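**Q** This structure is in structure tokens; I'll ask about it shortly.
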Amino acid sequence: MTGHRSFNGLRQGMSAERRARNADATQSMLQEMALHELRQAREKSQVELARDLHVGQPAVAKMEQRADMYVSNLRRYVEALGGRLEITARFPDASVTIKNFGELSAGEKAGRGVPASPIATS
């Protein structure tokens, strides 16, 4: 195939400075992702994630399209991908990790009127 080179071949021809710039750009892109992009980057399908969350695949699809959801549902989604959710408030002079979004036990959920369903759909 004339004119076609592998990506590894192209990379080998790049200067160290350009490879470093590309690595920095890649890291920047990985800093902000939509949920479906995060799931794809973690190499999981909606079906696999739904199985881990004990919900149907349509619930995962709906969750990925939502602009607003319960923090507990977002936490479960991230944990099912192998991560840990942290919520940080950023101010001009400091950043603060908010820690009162800890996982509630089933007894605490029942006492506070929190929906018992694994994924809220409204």
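Quick note: the coordinates plus some simple rules give every number you see, no bench work behind them. What you are looking at is a predicted structure, and each value in this text was computed from that prediction instead of being measured. Here the Cβ positions follow ideal geometry from the backbone for every residue, glycine too, while neighbour counts run over all protein chains shown.
**Q** Beyond 15 Å, what percent of the Cα pairs of the stretch 1-72 remain?
**A** 69
**Q** Could you tell me which of SER28, GLN40, MET14 has its Cα farthest along the dipole of the stretch 10-51 towards the positive end, charges placed at Cβ (Lys, Arg +1; Asp, Glu -1), taken about the Cα centre?
**A** Projecting each Cα onto the dipole axis, the largest value belongs to MET14.
**Q** Which part of the stretch 55-92 falls in the paramagnetic zone of ALA41, meaning amide N under 15 Å from the point 7 Å along Cα-to-beta-carbon?
**A** Taking a point 7 Å out along Cα→Cβ of ALA41, the residues of the stretch 55-92 whose backbone N falls under 15 Å are 78-79, 81-86.
**Q** Using 0.36 nm times the number of residues separating HIS54 and MET33, minus their current alpha carbon distance, what extension gain do you get?
**A** The span from HIS54 to MET33 would gain 5.2 nm if fully extended.
**Q** Okay, next question. If I model a spin label as a point 7 Å beyond the Cα along the Cα-Cβ vector, how far apart are those points for GLU86 and TYR70 in nm?
**A** Taking the two extended label points, one gets 2.5 nm.
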